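Before any comments, here is the structure.
The values are calculated or read from the model by the stated rules, or taken from the named source; none is laboratory data. Here the structure is a predicted model, which means the values were calculated and not measured. All Cβ positions, glycine included, derive from the backbone under ideal geometry; neighbour counts span all protein chains shown.
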Amino acid sequence: MKFFKHGVALVAMGLLVACSVPAPETGVSTKFESIRDNDIQLRVFLQDMPKGGDLHNHLYGAVYPESWIRWAEEDGLCIDPEALAIRHPGADGCGGLQTAKAALANNQVLRNALIDRFSIRDFVPTSGWSGHDQFFRTFPLVTAQPHRFGDMVAETANLAGIQNVQYLELLHTMELFETILPMVIAIPMSGDVAADYETLMASPFGAALPEILARARRDIDAADARKDELLGCKTDAPQPGCAVEIRYLHQPVRTLPASVVYAHTIFGWHLMAEDDRFVGTNLVAPEDDFIALRDYKLHMAQIDHLYKTLGERNVSLHAGELWLGLVHPQELRFHINDAIKVGHAKRIGHGTDIVFETDYKNLLKYMAENEIMVEVNLTSSEAILGVSGSEHPYDVYKQAGVPMAFSTDDEGVGRIDLTHEYMRAVQEHGLSYVELKTASYNGLKYAFVDEVTKAELIKKLDTKFADFESKF
């Protein structure tokens, strides 16, 4: 209770406990059971069903390929037809390439190839090219002008609003490649996280940090204003995305040199303190990457040092997004445990390899007792790891009493939406209406948004469920 101050926060917490999972009406459960095997009726039902939040949603991965292509055409970006990539023009324009508008004029074949390359549409694994490759190698191929940040937020918010999702936590990387990386990449790290912190803060990075933070906040202001403009949020005809509450998670890239990861995490720690729109942090990029594996314990130690010296922050970590055969078995033994017990993670993204963890039963017990929630991403688990159905640890977490919520991860790359993930949960894991409703509320209960706003969102969700259930 040490985080809750004054009466209003106590009231908010009371609402959270009292209203987290209202009992469903018998009629709606009966209707749900009658349609669970009819895919189209199930889709309609779940699309209309209120959903609390999507807590694991990468903004770059949320954008559909068609939008990247449209922005490239409108903004004069270039198309590399060999690499199937969007490129920024240089001093000589597109050079030997064509502008996107010229390259794609009356060229549906190239357009389709780009869409397929920027997503898992029509993807079939081949020798030497897996779903893991297809998924992660999308991101270096797409780009947009900086002002499209707000367009990305608008698209993602509106897709959520159309499905009756109330809240989004969007993972987003700011000020990394263009600013922080070139400032610190050559700075040697000792592995002593306290000493390395002092080294980084004594460098030009430390001196420039206030300016970097101020610029990031201005960029967020501009993105929010652009989102409101595109969706008509201040007009008499706002689009559904205007009703979606949005917060951001800072995301350092774990495959970069240690000095870069640490400096960017420091930046995020300060950003969370200065701007309440950034409510947490999360390391991203393939967990099985050589550098990510080599530096895993170092990254946890870096987070631990900042947590203990600069102040507590909300942490959600990709951990256990691994599987037997993808990495050496020793890498499956400790990632989830260390993310929670060293990295201070309140939520775990994926957690797919839980049964391979050392003493996993006691780890599950610890997660249940401390309400360490798992962000379950069914489609990306299948695409990246080849894990689906009964092989997925959903039932293991369920039996242990570990809280879970469904999320999209990278809905544009996966060509899905949150409703689709709810459908997979029903089809592959047999969830009942009550269990789906619990997952919906968990998307708010375990959100990192402030407690007063959280209580307001839960109250709205109560009202939406009452209205939804009254129709049955």
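Quick check on region 161-172. Is at least one of its residues at pLDDT 95 or above, assigned by TED's automatic domain parsing to the domain that holds GLU375, surrounded by fewer than 18 Cβ atoms within 10 Å (Cβ to Cβ) and part of a loop (DSSP other than H, G, I, E, B)?
Applying the first criterion (at pLDDT 95 or above) to region 161-172 yields 161-172.
Narrowing further to those that are assigned by TED's automatic domain parsing to the domain that holds GLU375: 161-172.
Imposing the further condition that a residue be surrounded by fewer than 18 Cβ atoms within 10 Å (Cβ to Cβ) reduces the set to 162.
So of that shortlist, the ones also part of a loop (DSSP other than H, G, I, E, B) come out as none.
No; the residues of region 161-172 include none that is at pLDDT 95 or above, assigned by TED's automatic domain parsing to the domain that holds GLU375, surrounded by fewer than 18 Cβ atoms within 10 Å (Cβ to Cβ) and part of a loop (DSSP other than H, G, I, E, B).
To keep it simple, each residue is scored yes or no on (1) over 24 Å from TYR397 (Cα atoms); (2) assigned to a helix (DSSP H, G or I); (3) not assigned by TED's automatic domain parsing to the domain that holds TYR446.
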{"position": "ALA273", "(1), (2), (3)": "yes, yes, no"}
{"position": "ALA292", "(1), (2), (3)": "yes, yes, no"}
{"position": "GLN302", "(1), (2), (3)": "yes, yes, no"}
{"position": "HIS344", "(1), (2), (3)": "no, no, no"}
{"position": "GLY349", "(1), (2), (3)": "no, no, no"}
{"position": "LEU363", "(1), (2), (3)": "no, yes, no"}
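The set of residues in region 83-97 that are over 30 Å from the mean Cα position of the chain (by Cα) and either surrounded by fewer than 18 Cβ atoms within 10 Å (Cβ to Cβ) or more than 18 Å from ARG117 (Cβ to Cβ) (or both) comprises GLY90, ALA91, ASP92, GLY93, CYS94, GLY95, GLY96. A residue that is in a loop (DSSP other than H, G, I, E, B) and closer than 22 Å to ALA447 by Cα occurs nowhere in region 379-392. Listed by first and then second residue, the pairs with beta-carbon distance under 6 Å, at least 6 apart or on different chains, first residue in region 165-187 and within 30 Å of MET49 (Cα to Cα), second of a type in the set (Val, Ile, Thr) and buried (at least 18 other Cβ atoms within 10 Å of the Cβ), are LEU168/VAL244; LEU168/ILE246.
Looking across region 89-123 at every residue that is touching an Asp or Glu at 6+ places or on another chain (Cβ under 9 Å) and charged (D, E, K, R), the one that is nearest to LEU77 (Cα to Cα) is identified as LYS101.
Please indicate, with yes or no, whether at least one residue in region 233-246 is basic (Lys, Arg) and either part of a helix (DSSP H, G or I) or over 21 Å from GLY150 (Cα atoms) (or both). No, region 233-246 has no match at all. When region 275-290 is filtered for residues that are in a strand (DSSP E or B) and under 11 Å from ASN314 (Cβ atoms), the ones remaining, listed by number, are PHE278, VAL279, GLY280, THR281. Exactly one residue out of ALA223, ALA214, ALA208 is outside any loop (DSSP other than H, G, I, E, B), under 19 Å from the mean Cα position of the chain (by Cα) and over 19 Å from ARG313 (Cβ atoms): that is ALA223.
Just one residue in the set ALA368, ALA383 is of a type in the set (A, V, I, L, M), under 21 Å from ARG121 (Cβ atoms) and in the same structural domain as ILE162 (by TED's automatic domain parsing); that residue is ALA383.
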